[in-house]
1. Across region 119-166, what is the total count of residues that are assigned to a helix (DSSP H, G or I) and either surrounded by fewer than 22 Cβ atoms within 10 Å (Cβ to Cβ) or more than 13 Å from the ligand (Cβ to nearest atom) (or both)?
2. Could you list, in sequence order, the residues of region 30-40 that are near the ligand (Cβ under 6 Å from one of its atoms), under 21 Å from Asp152 (Cβ atoms) and buried (at least 16 other Cβ atoms within 10 Å of the Cβ)?
3. Applying the selection to region 57-111, what residues are touching a Lys or Arg at 6+ places or on another chain (Cβ under 8 Å), surrounded by fewer than 17 Cβ atoms within 10 Å (Cβ to Cβ) and of a type in the set (Val, Ile, Thr)?
4. In region 94-105, what residues are in a helix (DSSP H, G or I), touching a Phe, Trp or Tyr at 6+ places or on another chain (Cβ under 6 Å) and of a type outside the set (S, T, N, Q)?
5. Kindly indicate which of Thr64, Thr93 is within 30 Å of Asn191 (Cβ to Cβ), more than 13 Å from the ligand (Cβ to nearest atom) and of a type in the set (Ser, Thr, Tyr).
6. What pairs can you find where one residue is in region 101-112 and closer than 15 Å to Gln72 by Cβ, the other is of a type in the set (Gly, Ala, Ser), and their Cβ atoms are less than 7 Å apart, with a gap of 6+ or different chains?
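Coordinate-derived values only; no laboratory data. As the structure is a computational prediction, the values presented were derived from the model and not from experiment. Using ideal geometry, Cβ is built from the backbone for each residue, glycine included, and neighbour counts are taken over all protein chains shown.
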Amino acid sequence: MKGLIFDIKRYAIHDGPGIRTTVFFKGCPLSCWWCHNPESRSPKPEKAIKTVRIGNTEFRREETVGRYYSVQEVMAAILRDQVFMEQSGGGATFSGGEPMMQAPFLLALLKACKTEGIHTAVDTSGIAARAAFRRILPFTDLFLFDLKHLDDQKHREYTAASNRLILENLRLIAESGVDIWLRVPVIPGYNDDERNLERLRLFIKDNQRSNVRRLSLLPYHPVETKYGRCNQEFKLTDLEPPSRERMLALQKAFESTGIKTTIGG
Ligand code: SF4
């Protein structure tokens with residue numbers, strides 16, 4: 001069995017607790033307007049332009065994004081840093097793209113990690129069959145679960161998919177008792193209006209279990225050049241990131257729900 005991976009990042013510190021190795025799966029069923037990894041969305045290897053700077057000179061070269069790995073190859077990369085993981089309380093995180101899009105390969109990696117005693121996290125947008133989530137639950141220690149918009153119509157507009165299955169899967173995980181860190185991108189003018197934020201606060205309260213450990217607010221940052229490199233259209237031209245004051249105000253508002261709230265990570 002092989003899986004399509006576009007990056008493996010060592011010493012990651014924002015993808016779960018401790019020092020982690022993050023494995024980025026290629027392919028995503030969503031198409032978020034603010035996606036900061038546009039090269040991750042196609043479920044096939046693709047060409048992209050990479051800029052390399054040497055001194056004051058920039059070179060552009062074409063490279064292929066995405067390569068097929070066996071479970072053994074990915075595990076070899078993860079096991080290289082097992083000592084740091086154990087010392088820091090870290091582990092392996094499977095991100096993307098959408099790792100659930102390659103659920104059998106993900107399941108094989110999760111099982112291999114548990115055999116080695118490695119803490120596992122799955123970073124997901126939540127869009128996959130419920131049965132696939134049920135299969136991975138026993139081998140997953142933590143979900144990093146993205147919530148993009150509570151309004152289904154807007155979710156369809158900005159991500160090209162309904163949020164119904166996503167919310168059902170979030171409830172399924174909340175009821176399972178596996179730890180969850182919610183992640184909400186803050187996209188000014190798109191999902192940070194008071195109505196959506198209030199719905200989000202109510203949703204968190206309604207679904208809050210002791211296993212919903214934290215909420216991470218992820219401020220939008222401009223990524224236009226990345227789209228040019230892989231020849232994709234970027235819709236949010238000229239959109240400015242939220243100010244520090246705005247992020248702090250949102251953090252305070254969400255902490256009032258009783259959930260630990262961080263900015264970033
Ligand atoms: S779910 Fe994540 S990877 Fe997929 S399009 Fe949205 S931001 Fe990009």
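1. So the answer is 18.
2. Passing the criteria: Leu30, Cys32, Cys35.
3. Residue satisfying the conditions is Thr64 alone.
4. Residue satisfying the conditions is Pro99 alone.
5. Exactly one of Thr64, Thr93 is within 30 Å of Asn191 (Cβ to Cβ), more than 13 Å from the ligand (Cβ to nearest atom) and of a type in the set (Ser, Thr, Tyr), namely Thr93.
6. Phe105/Gly3
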